[in-house]
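Below is one structure, written out as structure tokens; comments come after it.
The values are calculated or read from the model by the stated rules, or taken from the named source; none is laboratory data. Computed from a prediction, not measured in an experiment: that's the story for all the values here. For neighbour counting, all protein chains shown are included, and Cβ atoms are generated from backbone atoms with ideal geometry for every residue, glycine included. Surface accessibility is based on the protein's heavy atoms, side chains included, excluding ligands, DNA and RNA. Shrake-Rupley method; radii C 1.70, N 1.55, O 1.52, S 1.80 Å.
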Amino acid sequence: MKILVAVKRVIDYNVKIRVKADHSDVDLTNVKMAMNPFCEIAVEEAVRLKEKGVASEVVAVTIGPKAAQEQLRTALALGADRAIHVETEERVESLAVAKLLKQVIDEEQPQLTILGKQAIDTDNNQTGQMLAALTGLPQGTFASKLEVQDDKLSVTREIDG
């Protein structure tokens with residue numbers, strides 16, 4: 001089983017952000033960037049599935065500027081086998097990311113795609129649902145546990161209360 005994991009470059013969660021003087025955006029000058037923490041959890045889950053013998057390959061993919069290679073190297077250090085970088089200097093929103101990920105899925109043909117719950121920069125939690133709609137594939141959101149048995153995937157989801 002090939003697993004594709006999307007990773008996003010975000011401002012490190014330990015950094016205090018500054019707003020630009022014109023209030024148009026966040027000032028990214030000399031700001032430490034990191035892999036989105038929820039994406040890191042997704043990579044770790046894919047690697048766990050590989051260590052259990054369920055997965056044969058873990059492929060990390062990111063969409064962003066040249067500097068996002070750093071996050072792909074982090075994914076490789078966590079245990080991903082390969083990395084794909086869709087390079088763009090443009091700011092991409094959720095729908096554009098979902099469309100680009102669909103193209104990668106069409107080319108790579110993974111049996112499972114894992115995305116983190118949400119990105120800590122926009123907090124909108126849209127890309128996974130849009131990707132599922134575009135690909136026509138089923139989705140499990142807010143998963144706390146994944147189990148694969150006899151080519152079937154079971155997702156445990158925790159809900160509040």
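All but one of (1) assigned to a loop (DSSP other than H, G, I, E, B); (2) aliphatic (A, V, I, L, M); (3) surrounded by 15 or more Cβ atoms within 10 Å (Cβ to Cβ) hold for LEU137; state the number of the condition that does not hold.
So LEU137 meets the others, but not (3).
Tell me, please, whether a residue that is in a helix (DSSP H, G or I) and touching a strand residue (DSSP E or B) at 6+ places or on another chain (Cβ under 6 Å) can be found in the stretch 20-43.
Yes, the stretch 20-43 has at least one match.
Residues are listed down the side, and each one gets a yes or a no for (1) under 19 Å from the mean Cα position of the chain (by Cα); (2) under 17 Å from PHE38 (Cα atoms):
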| residue | (1), (2) |
| --- | --- |
| THR122 | yes, yes |
| GLY128 | yes, yes |
| GLY136 | yes, no |
| LYS145 | yes, yes |
| LYS152 | no, no |
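What number goes with the only condition from (1) open to solvent by less than 40 Å² (accessible area, probe 1.4 Å); (2) in a loop (DSSP other than H, G, I, E, B); (3) free of Cβ contacts under 8 Å to residues at least 60 places away in the same chain; (4) not charged (D, E, K, R) that VAL61 does not pass?
Here VAL61 meets the rest and fails (2).
Can you find a residue in the stretch 79-93 that is over 14 Å from the mean Cα position of the chain (by Cα), exposed (fewer than 15 other Cβ atoms within 10 Å of the Cβ) and part of a helix (DSSP H, G or I)?
no
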